[in-house]
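Trainee: Sharing a structure here in structure tokens format.
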Amino acid sequence: MSEHMPSRFVRTLLRLVQGHGHDPGAVLAAAQLDFDPFQESAVGYREQVTAMEYSRVYQQVLRLLQDATFGVVRNDLTAPGAFRMMCYCIISCPDLGQAIQRAAEFYRTFFDEQSQLYANFSEDTARVGYLHKRPVSGLTVGAADVYGLSLWHRFFGWLCGRPLPLRRVDFRASAPNNAEKYVDLFQCPLAFGQPRDLLYFDPACLAWPVVHTEHSLNDFLRTAPYQLLVMDARENSGRLSAQVRAMLGHDFRQGVPAFDTISQALSLSPPTLRRKLRREGTTFQALKDAARCEAARLALDRQDWSIETVALQLGFTDPSAFHRAFRKWTGQTPGQYRNARRRRGQ
């Protein structure tokens, strides 16, 4: 996925709100979206929204419906906040394989057969997807099917702090006219008309350590699904610096995770981690600055937050220190950045 998404995805969320008897206009206003996705012929309508705009709408819907699934299951939830609870159940797993198995167990416990997560590991390949049994005939793959499977793929990569390279992706439905864009999304061959919707990958990846903690999970859930939408799914982005960057997250209200804490989570000594980061052309300080800069940009997009509030969210007790840091990072003051974004309608 890129940093933009089709506006029809927002319409899907708004229809969900309507179906539960709520006003979608109130959601749009709270999310500060500057156009109505239902009014396709209106002046100012956009075919796409940014990942952050979509995430703001999603978060408003989550608060309204008390549901945190990312749309990764196909029918109504048996319990609210299921995806959130599943995340807390798996975050302590030592590696990806155990995390996937525990997630599958969670969905077997709380969901019916049509929404369960299917996982099958062998010496040759690992398969993860949906446990569908009802036949599909004459239907082409829709964006929602691709979106749900892609979010699982990116979530597994997020857990390990690096993209998960796929060997193949199967879909039960037939190929759409624009199948090539889905090849670009998953970075692997696609197969249509298959028994299940599945991700295939190297079973060696199951031993990858889960690098996140409950702290970084809270940050992830607070801005979800933004971090998944902007992830680079290409294999060459899976460098050590990308793992460190993922572990830093976006939530700095309690400060920045210590270098020793991160090196321990990666099973590396601090000198070894410093050396490996230098080989990749970066330092821990540079990664911290980039992480705080991105978090500042996200926070400044919240028009209901004052710049002083943003500074506190970034862990700055002195707003003037935040101004100096943000100018160093971007060449602009926080106010200049916010005004420029407002003029561009973003």
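The values are calculated or read from the model by the stated rules, or taken from the named source; none is laboratory data. Just so it is clear, the structure is predicted and the values come from calculations on it, not from any experiment. Note that each Cβ is placed from the backbone with ideal geometry, even for glycine, and that neighbours are counted across all protein chains shown.
Trainee: Could you tell me which residue of region 4-33 is nearest to the chain's Cα centre (by Cα), considering only residues that are exposed (fewer than 12 other Cβ atoms within 10 Å of the Cβ) and part of a loop (DSSP other than H, G, I, E, B)?
Mentor: 20
Trainee: Something else now. Restricting the search to region 8-47, which residues are at pLDDT below 85 and polar (S, T, N, Q)?
Mentor: Listed by number, the residues that qualify are 12, 18, 32.
Trainee: All but one of (1) closer than 26 Å to residue 94 by Cβ; (2) of a type in the set (Val, Ile, Thr); (3) modelled with pLDDT of 80 or more hold for residue 211; which doesn't?
Mentor: In the conditions (1) closer than 26 Å to residue 94 by Cβ; (2) of a type in the set (Val, Ile, Thr); (3) modelled with pLDDT of 80 or more, residue 211 misses (3) alone.
Trainee: Determine whether residue 256 is outside the structural domain of residue 96 (by TED's automatic domain parsing), part of a loop (DSSP other than H, G, I, E, B) and either under 19 Å from residue 324 (Cβ atoms) or among the aliphatic types (A, V, I, L, M) (or both).
Mentor: So residue 256 fits the description; yes.
Trainee: Given 298, 312, 277, which one is touching a His at 6+ places or on another chain (Cβ under 7 Å) and not charged (D, E, K, R)?
Mentor: Checking each option against the conditions leaves just 298.
Trainee: I've got another one for you. Mind listing whichever residues of region 273-285 are in a helix (DSSP H, G or I) and surrounded by 13 or more Cβ atoms within 10 Å (Cβ to Cβ)?
Mentor: 273, 274, 276, 277, 284
Trainee: Could you tell me how many of the residues in region 195-205 are surrounded by fewer than 18 Cβ atoms within 10 Å (Cβ to Cβ) and either outside any loop (DSSP other than H, G, I, E, B) or at pLDDT below 90 (or both)?
Mentor: The total comes to 4.
Trainee: Find the residue count for region 169-186, including only residues that are assigned to a loop (DSSP other than H, G, I, E, B) and surrounded by fewer than 16 Cβ atoms within 10 Å (Cβ to Cβ).
Mentor: Counting residues in region 169-186 that are assigned to a loop (DSSP other than H, G, I, E, B) and surrounded by fewer than 16 Cβ atoms within 10 Å (Cβ to Cβ) gives 3.
Trainee: Can you tell me how many residues within region 316-345 are outside any helix (DSSP H, G or I) and of a type in the set (S, T, N, Q)?
Mentor: 3
Trainee: Of all residues in region 127-166, count the ones that are modelled with pLDDT of 85 or more and more than 30 Å from residue 248 (Cβ to Cβ).
Mentor: 2
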